């Protein structure tokens, strides 16, 4: 079967199916889950999931659904850190450098991580399939987390609506109370280069008035890599947002994208000036979409190509 067999060939069931901790086989039957009945937490989780999944599928990533369990010998407290160690092993041993992910942690059984892993070759690299052998994964997770029960299955890109299907399934099953939802985390910096939450809220404030068309369609177009011409004459894209966030993190953005001081040949009058800057540095969520846009010809990513 596609999910792999549990410790020995020929049993005909996947590791997690065997112990009753995976419902992946139900991912096709989502008609029963109604988004209108979801809580605010589920809707927020669905939006984050859709952002990552849509971006990955639209940019030719290969996806794997992987579930990782915790045995009685393991500890749910260590599962997040051990997942990081596992990702490092996958990158180093199997050659999937730059792998991205979404993970939902629940307290099912002794603790389970429900994940989607995403990877594609870097520009110029030869194409190869993204897959983690069941036996390899079981052995490594057993070594790291004392829990050899795992589940892995490729996500077929040709499946129409696969991003929405997986996102709805995660939101309906794992972000709901009955599954013992704990938290969700994802590779937002590696995937986008900026935090999704603040950008989404700024985007909603700017595009929600309807002057640009459907809010969700505009968001989907942004994630596809489209460039928007804003009404103030600026241009907005994933690259301009990433550039703005990078400058903000570096201490080069204040108020309306004004340079406060330079790192190279730090030209400040005193150490107090530097301390004052970081003390008064505005939160990233305080900025608008217009702040994250640039005028045409600005030295930023695709706008100079």
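General observations
- Extension gain from residue 80 to residue 226, taking 0.36 nm per residue of separation minus the Cα-Cα distance: 49.2 nm
- When peptides 115-123, 48-56, 81-89 are ranked by their average number of other Cβ atoms within 10 Å per residue, the highest-first order is 48-56, 115-123, 81-89.
- Using the Cβ-Cβ distance between residue 286 and residue 146 with R0 set to 41 Å, the FRET efficiency works out to roughly 0.35.
- In nm, spacing of pseudo-spin labels at residue 93 and residue 200 (7 Å Cα→C-beta vector): 3.4
- The slack in the chain from residue 37 to residue 215, taken as 0.36 nm per residue of separation less the alpha-carbon distance, amounts to 62.0 nm.
- Full extension of the chain segment joining residue 123 with residue 247 gains 42.1 nm, where the gain is 0.36 nm per residue of separation less the Cα-Cα distance.
- Rounded FRET efficiency, nearest 0.05, which uses the C-beta distance separating residue 107 from residue 73 and R0 of 22 Å: 0.85
Just so you know, all these numbers are worked out from the coordinates, no wet-lab data involved. Being a predicted model, the structure only gives us computed values, none of them experimental. Methodologically, a virtual Cβ is constructed for each residue, glycine included, from the backbone with ideal geometry; neighbour enumeration extends over all protein chains shown.
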